[in-house]
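Engineer: Take a look at the following structure, please.
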Amino acid sequence: MNILVVAEMQLGKLKPSNRASIRMAQDLAKKDGDSFSMVLLGHQLGDAANELNRFGAKKLFVIDAPEFEHYLAKPLTDAVSNLAREHGFDRIVGCEATTARDFFPRLAGALDAGMCRGVSALCEVNGETCYQRAVFSGMALRTERIHTPIHVMTVDPTTMDDPTEGGAGEVVAFDAGVTVGDEIRFVELRRAKSERPDLSVADRVVGAGRGIKSAEYLETIGALADKLGAAVGATRAVVDAGWLPNEFQVGQTGKAIAPKLYFAIGISGAVQHAAGIRGAKTIVAINKDAEAPIFKIADIGIVADLFDVVPQLIEGL
Amino acid sequence: MKVLVTVKPVADPNTPPAAWIAEQEGKGGSVNDVANYFDLIAVEQAIRLKDIGVTDICIVSVTDDSKMAQVRSAIAMGANRATLIDPEGKQLGAYQLAASIAHVVKKEEPAFVLMGKQATDDDASQVGPLLAGMLGWPQATFVSEIGFNDDRSRVTVGRETDEGVEVLDVKLPAIITCDLRLNEPRYATLPNLIKSKKAPMERLKFTDLGIEDKPRVTVEAYSLPPGRSGKAKMVADTAELLTTLKDMKLVD
Ligand SMILES: Cc1cc2nc3c(=O)[nH]c(=O)nc-3n(C[C@H](O)[C@H](O)[C@H](O)COP(=O)(O)OP(=O)(O)OC[C@H]3O[C@@H](n4cnc5c(N)ncnc54)[C@H](O)[C@@H]3O)c2cc1C
Ligand SMILES: Nc1ncnc2c1ncn2[C@@H]1O[C@H](COP(=O)(O)O)[C@@H](O)[C@H]1O
């Protein structure tokens, strides 16, 4: 096996979910006593390559080109497939982010490979390594087997342990030789500024649901988050109401998160929301309806009016 | 302008997971099918684009006759016709689905293809980008805003990404996959459901398309995720909540 981790940048930094891909590569390598390599793509990478190069990879390919300043599916597909062909990589591992979700299927197509998205664990079936992933809004797990010589996968960061530290690999600049045509042009990224921790990787998250009744109450939710050093997340209902931008949405069609502590405040606990918080260590539910489904997945629950409880929490913390 | 919209019949997302698994494993279990919600958003979008020059909306579905009702309900929203590809009892993988749809795209030469961003049963999110790669077309996935330029040669889309809304300017023809906030799909009315029975329907068979017939990825097993305890410790008031959190060392 010849394993390649595709590491990505996000807003000038290494994407936190790269860690899950590296761990998956380490686990795959261990199974067969193999090594793994990595590729880092982007532009003006600064110290990112050094930061990435401490997990025992054999080689770290660096593709640093203006074409990769903004994420675009086709040039990334071309670059990674060129690298994989040239160096005979047959396991391509990426992170479960909106970037890899976008270009990995295209990459799999280019390499005539089967792909599994959002792999949460490796398992063995009749001596063959298979991949387990969540399906049906996270309500079921499915074991899949890839039959092509090359396997392509993205990894669910909420289920993976941290990668183990290791030595630095040989750094190799790779000329991907790709060009960006006028088929697609990047126009802009509309992004809400936030001083709080990144929702995808925060240890603590305060989740707000429709029960908060208005956008104004987000200020109080934010005050609780700041007391806890937490990120703010939300249900689709809150995002649809326009109270928060979409990148705050947690769930099947939003972010999957795995904080140590999750507060579900005025959240009913619909399956699509629950799908995003499966990996949370402790879920605290605050809801005035004792029958709300959130209490079936919560670890700690309080049946009460959130407009009473939240200010008291801020006060008491 | 001609537009293709893909529609996949899927199990109702409210099906209990154990029943869904039983049905997937062929061990019985009754499961209601619905049209994949993201695909209905795609159909709705195509209908809304009739104002700016879309004249022909063709639904494409890889499915057998038993799921015709879901395809009909999509047509009845306001599509003109459909092309069905019968998998002939085969379990098809993402590659074969994309290749089947590509066959129809090459024949129809639409201005663009609208799809759902993912199927809510497989949660694969693969068919759109695979199809784009096969056709050598640009792709715009997770789209929640669409606007066309004056000569309809390009489209400006807003994509929902981890970092925020990314705006791209894309040359047509392209593959566009739809996210939740693009629109709210309309319901098909009863008269339109009746009318949809007369909509032209072309039927193809998967084995006639010359696509490799072994899936690249197969399903080996299903299981239920390790449940959460299901027994929340209920506290009486905020004071008890705070002491519980402190005792569990979750807050200082
Ligand atoms: C295809 C599809 C994908 C979806 N993806 C997602 C997703 O990714 N993420 C997501 O979140 N949703 C998603 N949804 C929507 C999901 O089904 C629910 O509609 C949504 O999660 C509900 O949000 P909510 O809990 O905020 O609102 P509600 O369900 O309205 O719940 C509000 C809760 O607040 C409680 N409440 C009200 N007032 C108070 C008070 N004063 N004090 C305490 N409690 C109070 C109520 O008892 C209730 O339980 C998706 C839906 C579909 C169809
Ligand atoms: N059997 C099918 N027939 C028609 N379209 C499909 C089929 N399977 C998937 N698609 C389309 O591809 C999208 C993504 O599906 P998936 O990659 O399986 O998550 C769906 O939203 C559909 O629009």
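Engineer: Based on the Kirkwood radius over alpha-carbon pairs, what is the Stokes-Einstein translational diffusion coefficient of region B:163-205 at 10 °C with 1.306 mPa s viscosity, in µm²/s?
Structural biologist: 107
Engineer: Provide the packing ranking of B:47-58, A:183-194, i.e. peptides ordered by the mean count of other C-beta atoms within 10 Å per residue, highest first.
Structural biologist: Descending packing order for the listed peptides: B:47-58, A:183-194.
Engineer: Suppose we keep just the alpha-carbon trace of chain A; what are its Rg and Dmax in angstrom?
Structural biologist: In Å, with Rg to one decimal and Dmax whole: 20.9, 62.
Engineer: Let me ask something else about it. Find out how many positive minus negative residues lie around B:Thr238, taking Lys and Arg as positive, Asp and Glu as negative, among other residues whose Cβ is under 10 Å from that of B:Thr238.
Structural biologist: Numbers: positive: none; negative: A:Asp308, A:Glu315, B:Asp237, B:Glu240.
Net charge in that neighbourhood comes out at -4.
Engineer: Also: What Kirkwood radius, in Å to one decimal, follows from the Cα pairs of region A:3-173?
Structural biologist: For region A:3-173, the Kirkwood estimate is 15.9 Å.
Engineer: Restricting to Cα atoms and excluding each atom paired with itself, what does the Kirkwood estimate give for region B:2-227 in Å? Present the calculation step by step, with values, prior to reporting the outcome.
Structural biologist: Details: mean 1/r = 0.0554 Å⁻¹.
About 18.1 Å, per the Kirkwood formula over Cα pairs.
Engineer: Moving on. Compute the Kirkwood hydrodynamic radius of region A:189-250, taking the inverse of the mean of 1/r over all pairs of distinct Cα atoms, and give it in Å to one decimal.
Structural biologist: It works out to 11.6 Å.
Engineer: Now for a different question. Using only Cα atoms, locate the centre of region B:192-211 and the centre of region B:231-252, then give the distance between them in Å, rounded to an integer.
Structural biologist: 58
Engineer: Ignore the peptide's own chain and count Cβ atoms of other chains within 10 Å of each Cβ in B:136-145; give me the average, rounded.
Structural biologist: 4
Engineer: Take every Cα-Cα distance within region A:77-228, group them into 5 Å bins from 0 onward, and report for each bin the whole-number percent of pairs it holds.
Structural biologist: 2, 7, 11, 14, 15, 15, 13, 10, 7, 5, 2, 0
Engineer: Hey, what's the per residue convex hull volume over the C-alpha atoms of region B:41-139, in cubic angstrom?
Structural biologist: Spread over its residues, the Cα hull of region B:41-139 gives 104 Å³ apiece.
Engineer: Express the C-alpha Rg of region A:204-316 as a ratio against the empirical globular expectation 2.2 N^0.38 Å, rounded to two decimals.
Structural biologist: Normalised by 2.2 N^0.38 Å, the Cα Rg of region A:204-316 equals 0.93.
Engineer: Additional query: Could you tell me what % of all Cα pairs in region B:1-77 have separations over 14 Å?
Structural biologist: More than 14 Å apart: 63 percent of the Cα pairs in region B:1-77.
Engineer: Using the Kirkwood radius built from alpha carbon pairs, what does the Stokes-Einstein equation give as D for the protein assembly as shown at 37 °C and 0.692 mPa s, in µm² per second?
Structural biologist: The calculation lands on 134 µm²/s.
Engineer: Further, regarding this structure: Over all residues in B:113-121, what is the mean tally of Cβ atoms on other chains that come within 10 Å of each residue's Cβ?
Structural biologist: Details: counts 0, 0, 0, 0, 3, 4, 1, 6, 4.
Partner Cβ neighbours, averaged per residue: 2.
Engineer: Within a Cβ distance under 14 Å of A:Ile265, other residues only, what is the Lys/Arg minus Asp/Glu net charge?
Structural biologist: +1
Engineer: At what distance in angstrom do the alpha carbon centres of region A:261-317 and region A:132-154 lie from each other?
Structural biologist: Cα centroid to Cα centroid, the span is 31 Å.
Engineer: Report, in whole Å, the centroid distance computed from the Cα atoms of region B:1-67 and region B:77-118.
Structural biologist: 11
Engineer: If you count, for every residue in B:13-20, the Cβ atoms of partner chains within 10 Å of its Cβ, what is the mean?
Structural biologist: Across the residues of B:13-20, the mean count of other-chain Cβ atoms within 10 Å is 3.
Engineer: Determine the alpha carbon to alpha carbon distance for each of A:Lys193/A:Lys227; A:Lys227/A:Lys288; A:Lys281/B:Lys246; A:Lys255/B:Lys171 and list only those over 27 Å.
Structural biologist: Over 27 Å apart, Cα to Cα: A:Lys255/B:Lys171.
Engineer: Let me ask you something else. What's the tally of Lys pairs in region B:1-142 whose alpha-carbon atoms lie under 13 angstrom apart, where the two lysines are 8 or more places apart or on different chains?
Structural biologist: For region B:1-142, qualifying lysine pairs total 5.
Engineer: Using only Cα positions of region B:126-230, each an equal point scatterer, no hydration layer, compute I(q)/I(0) via Debye at q = 0.14 Å⁻¹ and quote the log10 values to two decimals.
Structural biologist: -0.97
Engineer: Calculate, in nm to one decimal, what B:Glu23 and B:Lys107 gain on full extension: separation in residues at 0.36 nm each, minus their alpha carbon distance.
Structural biologist: Using 0.36 nm per residue and subtracting the Cα-Cα distance, I get 26.8 nm.
Engineer: Still on this structure, please answer the following. Give me, ordered by chain and number, the residues 5 or more places off B:Gly78 or on other chains with an amide H under 5 Å from its own placed amide H.
Structural biologist: Here nothing satisfies the definition.
Engineer: Put one equal scatterer on each alpha carbon of region B:174-252, apply the Debye formula with no solvent term, and list log10 I(q)/I(0) at q = 0.14 1/Å to two decimals.
Structural biologist: Relative scattering, expressed as log10 I(q)/I(0), comes to -0.96.
Read-outs: derived from the displayed coordinates by stated rules, not from any lab. Note that this is a predicted model, so its numbers are computed, not measured. Quick reminder, even Gly has a Cβ in these numbers, built from the backbone with ideal geometry, and neighbours come from all protein chains shown.
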